[in-house]
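The values are calculated or read from the model by the stated rules, or taken from the named source; none is laboratory data. As the structure is a computational prediction, the values presented were derived from the model and not from experiment. Here the Cβ positions follow ideal geometry from the backbone for every residue, glycine too, while neighbour counts run over all protein chains shown.
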Amino acid sequence: MTSHTHDAAPTQFVEANGIRFAYRRFGKQGGVPLVFNIHFMGTMDYWDPAVTDGFARDREVILFDNAGLLSSSGEVPESIAGMGANAMAFIRALGLSQVDVLGFSIGGLVAQEITLQAPDLVRQVVLVGTGPRSGESMDTGTPEGRDIFGATYANPDDLWLRVQFTPSAASQAAGREFVKRFRRRTENRDPEVSQQAALAQRAAIAKWGAKREHAWDYLKEIRQPTLVVNGSNDVIITTINSFILQQHLPNAKLILYPDSAHGSLYQYPAMFVSDVSAFLDQSQWA
C-alpha cells in the first residue's frame, strides 16, 4: 500500500554520526527504496511532487536534509566526500542494507560519493544535471550560472525559473507550473538554506571541480548500473559533463531531454518518472 504523499508525509528524525537527520519516507513499501539527494541551496521541499509522487506509486521514496541543512543538525562539510559520508551514515541509520540513489546537481556529486564509499549499499544510481570531478567549468562555475545566482529577484522563485529552465516560452511555462507544485506544501515546510550553508556547499563544489590529472579514472570504480539524465542546454553544470559521465562510467546510459536546462526532470516530470522507473525495473540490472 502507498502511505502518505509528498505534500503530507510527516518529517521524521534519525541520529547518526552525532547528527539529527530530518527525513520524509513515503510510497509503496517493500523492495529497494529510492533515496533522493537534492541540489544546491535545496531542501526536501524543493523536489517536485509530480516526480516524488510519481515514483511513490511503485516504490518507496526517501527525502532528507543532509547535515547542516535546515531541519537537520550539524554543519555542512566543505567537501563532497564529507557530504557523502554523512548521507551514507543516514541511510545506514534507517536500517537499510540496499538502496537506489538519485542525485540532482550537487546531489549527484554526493550520490557518486555514497556509491564510492559504500558500494555494497547502492544497487543502482541515477545522476541528474550533474558532472564528474574536474568536469567542464566545475571548478569556477559557468558564466551563465554566475550571472543567474548573482542577480537580484523581486520574486525569489524567479531565480529557479532561470536556473532550471531555458528562456523558451514552453520551458518557462513548464517552470511556472513546477513552482506552483513545489510551493504547494505549506505545513511543516523547511525554511530556506542559510548563507553559511550555501557558502560551504560552494566551497565543496569548487574542491570537487578542481583540475587534476587522470580526473575521471575514479568513475571506473562505480560499476553499478547508472542512468545519467540532463537537459539539452544545462548552463549550470554544462550538458557536456553528462556525456563525460556516460563515457567513463562502466555501465551507464544517457538521456537528454529537448529544449531543457538544469531542471529537465521538472520540465518533463512524467517522462522522467517513466524513464527512470523503466531503468530501475530492468531485469538485467537486478
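This table checks each residue for (1) out of contact with any strand residue (DSSP E or B) (no Cβ under 8 Å at 6 or more places or on another chain); (2) surrounded by fewer than 22 Cβ atoms within 10 Å (Cβ to Cβ).
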{"position": "Q195", "(1), (2)": "yes, yes"}
{"position": "R202", "(1), (2)": "yes, yes"}
{"position": "E221", "(1), (2)": "yes, yes"}
{"position": "Q224", "(1), (2)": "no, yes"}
{"position": "I240", "(1), (2)": "yes, yes"}
{"position": "L254", "(1), (2)": "no, yes"}
{"position": "Y257", "(1), (2)": "no, yes"}
{"position": "Y266", "(1), (2)": "yes, no"}
{"position": "D281", "(1), (2)": "yes, yes"}
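State whether one or more residues within region 118-129 are in contact with a Ser or Thr (Cβ under 6 Å, 6 or more places away or on another chain), at pLDDT 95 or above, buried (at least 16 other Cβ atoms within 10 Å of the Cβ) and over 16 Å from A85 (Cα atoms). The answer is yes; a qualifying residue exists. Being within 15 Å of P132 (Cα to Cα), touching a His at 6+ places or on another chain (Cβ under 7 Å) and either crowded, with 17+ Cβ neighbours inside 10 Å or acidic (D, E) (or both) is a description that does not apply to L249.
Beta carbons closer than 6 Å, at least 6 apart along the sequence or on distinct chains, pair a first residue in region 142-153 that is of a type in the set (S, T, N, Q) with a second that is at pLDDT 95 or above for T142/V235. When H262 is tested against (1) assigned to a helix (DSSP H, G or I); (2) in contact (Cβ under 8 Å) with a residue 40 or more places away in the chain, just one condition goes unmet, and that condition is (1). Out of region 33-56, which residues are of a type in the set (V, I, T) and out of contact with any helix residue (DSSP H, G or I) (no Cβ under 8 Å at 6 or more places or on another chain)? Listed by number, the residues that qualify are T43, T52.
If you check K180, K211 for being basic (K, R) and over 30 Å from P258 (Cβ atoms), only one passes: K211.
Counting only helices (runs of 4 or more DSSP H) that fall entirely inside region 117-211 and contain at least 3 residues that are among the charged types (D, E, K, R) and out of contact with any helix residue (DSSP H, G or I) (no Cβ under 8 Å at 6 or more places or on another chain), the qualifying elements are 143-150. With the structure loaded, tell me whether S72 is of a type in the set (S, T, Y), modelled with pLDDT under 95 and buried (at least 20 other Cβ atoms within 10 Å of the Cβ) or whether it fails that test. In short, yes.
Among residues belonging to region 86-112 that are without any contact (Cβ under 8 Å) to a residue 60 or more places away in the chain and aliphatic (A, V, I, L, M), point out the one that is surrounded by the fewest Cβ atoms within 10 Å (Cβ to Cβ). That would be M88.
Of the residues examined, F13 is one that is more than 25 Å from G141 (Cα to Cα) and aromatic (F, W, Y). Residues considered: A270, A210. Of these, the only one that is surrounded by fewer than 16 Cβ atoms within 10 Å (Cβ to Cβ), closer than 20 Å to G54 by Cα, in contact (Cβ under 8 Å) with a residue 12 or more places away in the chain and out of contact with any Phe, Trp or Tyr (no Cβ under 9 Å at 6 or more places or on another chain) is A270.
Of the residues F272, F243, which is more than 24 Å from A173 (Cβ to Cβ) and not in a loop (DSSP other than H, G, I, E, B)? So that I can check it myself, show each step before the final result.
Numbers: F272 fails: more than 24 Å from A173 (Cβ to Cβ).
One residue alone meets the criteria, F243.
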